[in-house]
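Here's the structure, in structure tokens; my notes come after.
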Amino acid sequence: MALMKVKCPECHEEFELDNNEYDEHDRVECPECSADLIVKVKGGKFKLATDKEKYFDEDLNQFFVEED
Ligand SMILES: [Zn+2]
């Protein structure tokens, strides 16, 4: 068991997640503000993103697809 420190992007509360229980794209509820968050793994570290950010990323990817 290893605890990873994460930060809520909504209220900036720091809390810990067990990296054996959580994986990328899992949903987590912030214990402080109850925000619905998604786990992202970057360089072996956990980060939390809001649903909004996730959809924003997808929109951006579509935006940058260029057609010949
Ligand atoms: Zn929060």
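Just so you know, all these numbers are worked out from the coordinates, no wet-lab data involved. Keep in mind that this is a model prediction, so the values were computed, not measured. Every residue, glycine as well, gets a Cβ built from its backbone with ideal geometry; the counts of neighbours run over all protein chains shown.
Numerical summary
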read-out	value
Residues 28, 41 arranged by fewest to most Cβ contacts within 10 Å	41, 28
Net length gained if the chain between residue 16 and residue 42 were fully extended (0.36 nm per residue, minus Cα distance)	7.8 nm
Full-extension gain in nm, residue 51 to residue 68, via 0.36 nm per residue minus C-alpha separation	2.9 nm
